[in-house]
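S.K.: What follows is a single structure, and I will ask about it in a moment.
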Amino acid sequence: MQRVLITGAAGNIGGVLRAGLGGVYPALRLSDIKPLGAARAGEELVQADLRDLAEVEAVMAGVDAVVHLGGVSVEDAWAPIHEVNIIGCYHVFEAARRQGVKRVVFASSNHVIGYHRRSGRIDDTAMFRPDSRYGLSKLFGEGLGRLYADKHGIACVALRIGSFQPKPKDLRMLSTWISHRDMVRLVRRALEAEGVHFEIVYGVSANDRNWWDNPGAARIGYAPQDNAEDHAEEILSQMAPEDEPEIERTFHGGPFCAMEFSGDPSKIA
Ligand code: 15L
């Protein structure tokens, strides 16, 4: 692994990976539509707009693997989701194919399976249940990963990231939190694990209250070290389970499930 590209490198996860992967690979190419500051040793900075296939293809030249973080990272109107998370994500996989990139690590999200009930555990084979336009766009990205793995032999690890925060901030995050350190560990394994074709791995720390069985983590050798339970006392002193509104506390996706909700929860088995 000589050169690794990170898209969306100016974002929260991008900043942590920039620091955590610095010096791990001979060259780290960082790309974003936003400014990236000054290049540090071993870094190549390239501004690119995911909506422009030619620009995406240019940043992909000479790259061994890409960590695709770029895009809209919360619920939004259809236009930005469509332009950046759907069309832009297609550009990333297609540019990777054209430039002979061997692996894509795709930042997917737990919001692909948001409408599963918290009363049940799920794993990487659970039926998709997107809870938002954002979650739907991440499902599309996972589909692209599967297509480009099967049709073109590009290895793909789709990371269904939980809640990436310095520390868990509420009750839900006692289950969904991934620490900064564990994110770096996870992405390293996703880049370096051998024998990968297509994997879905939940991006979560070793939380006692975790809802997701994670066989893909074992397959790529991801062993998280942090546990949200270390922060449980503090969080439980600030909020009780019934403080979470009903729709939020019923489903994995929490607030994303409650946004714009006009359905019948009893029908969401
Ligand atoms: C995500 O996928 C989002 O990018 C982030 O903003 C959080 O909402 C996170 O999921 C979460 O579920 O906590």
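What follows is calculated from the coordinates using simple rules that are stated; it is not laboratory data. All figures in this text were calculated on a predicted structure; none of them were measured in a lab. All Cβ positions, even for glycine, are placed from backbone atoms using ideal geometry, and neighbour counts span all protein chains on display.
S.K.: Amide H neighbours of Ile154 under 5 Å, at least 5 residues apart or on other chains, H built in the peptide plane: list them.
M.R.: Placed amide hydrogens put Ala149 under 5 Å from Ile154.
S.K.: Within 10 Å, count the other beta carbons around each residue, average over each peptide in 73-79, 154-160, 263-269, and list them highest first.
M.R.: Per-residue mean Cβ counts within 10 Å order the peptides as 154-160, 73-79, 263-269.
S.K.: Gap in Å between the Cα centre of the range 238-269 and the Cα centre of the range 165-190?
M.R.: Comparing the Cα centres of the range 165-190 and the range 238-269, I get a distance of 22 Å.
S.K.: Convert each backbone phi in the range 61-76 into a coupling constant with the Karplus relation 6.51 cos²θ - 1.76 cosθ + 1.60 (shift: θ = phi - 60°), then list the ³J(HN,Hα) values in order as whole Hz, x for Gly and Pro.
M.R.: Karplus values, whole Hz, x for Gly and Pro: 4, x, 9, 8, 8, 10, 9, 9, 9, x, x, 7, 10, 9, 5, 7.
S.K.: Residue by residue through the range 144-152, what is 3J(HN,Hα) from phi via Karplus (6.51 cos²θ - 1.76 cosθ + 1.60, θ = phi - 60°)? Round to whole Hz and write x for glycine and proline.
M.R.: 4, x, 5, 4, 6, 6, 5, 7, 10
S.K.: So what is the relative contact order of the range 1-48, in percent, for Cα pairs below 8 Å that sit 6 or more residues apart?
M.R.: 38
S.K.: Another question, if that's okay. When only Cα pairs under 8 Å and 6 or more residues apart are kept, what is the percent relative contact order across the range 112-154?
M.R.: 38
S.K.: Please give the net charge around Ala27, taking every other residue with its beta carbon less than 14 angstrom from that of Ala27, where Lys and Arg add +1 and Asp and Glu add -1.
M.R.: +1
S.K.: Give me the percent relative contact order of the chain, please, defined on Cα pairs under 8 angstrom at least 6 residues apart. The partial results should precede the final answer.
M.R.: Details: 567 pairs, mean separation 44.8, N = 269.
Reported relative contact order: 17 percent.
S.K.: Convert each backbone phi in the range 196-209 into a coupling constant with the Karplus relation 6.51 cos²θ - 1.76 cosθ + 1.60 (shift: θ = phi - 60°), then list the ³J(HN,Hα) values in order as whole Hz, x for Gly and Pro.
M.R.: With coefficients 6.51, -1.76 and 1.60, one gets 7, 10, 9, 9, 10, 10, 6, x, 8, 7, 7, 7, 4, 9 Hz.
S.K.: Another one. Would you mind checking which residues have amide H under 5 Å from Gly203's amide H? H placed 1.01 Å from N; only 5 or more apart, or other chain.
M.R.: Counting only residues 5 or more places away or on other chains, the set is Arg160, Ile161, Gly162.
S.K.: Same structure, new question: Are any of the pairs Lys138/Lys267; Lys102/Lys169; Lys102/Lys138 more than 27 Å apart by Cα-Cα distance, and if so, which?
M.R.: Over 27 Å Cα-Cα: Lys102/Lys169.
S.K.: Would you pull out the residues with amide H under 5 Å of Asp76's amide H, same chain only if 5 or more places away, H placed 1.01 Å from N?
M.R.: Arg133, Tyr134
S.K.: What order do you get for 204-212, 170-178 when each peptide is scored by the mean count of other beta carbon atoms within 10 Å, highest first?
M.R.: 170-178, 204-212
S.K.: Let me check I've understood the local charge: for Glu242, count other residues with C-beta under 13 angstrom from its C-beta, Lys and Arg +1, Asp and Glu -1. What total comes out?
M.R.: Combined, the nearby Lys, Arg, Asp and Glu give -3.
S.K.: Cα gyration tensor of the chain, axes a ≥ b ≥ c as square roots of the eigenvalues: rounded (a/c below 1.5), prolate (a/b > b/c) or oblate?
M.R.: Judged from the Cα gyration tensor, the chain comes out prolate (a/c at least 1.5, a/b above b/c).
S.K.: What number comes out for the charge environment of Ser163, summing +1 per Lys or Arg and -1 per Asp or Glu over other residues with Cβ under 11 Å away?
M.R.: With Lys, Arg at +1 and Asp, Glu at -1, the neighbours total +2.
S.K.: Which value, in debye to the nearest 20, gives the size of the charge dipole of the range 3-267 about its Cα centre, when Lys and Arg are +1 and Asp and Glu are -1 at the Cβ?
M.R.: Working: 30 positive and 36 negative charges, 157 e Å.
Dipole size: approximately 760 debye.
S.K.: Which one, Ala10, Leu191, Met127, projects farthest toward the positive side of the charge dipole computed for the range 3-267 from Cβ point charges (K/R +1, D/E -1)?
M.R.: Farthest towards the positive end: Leu191.
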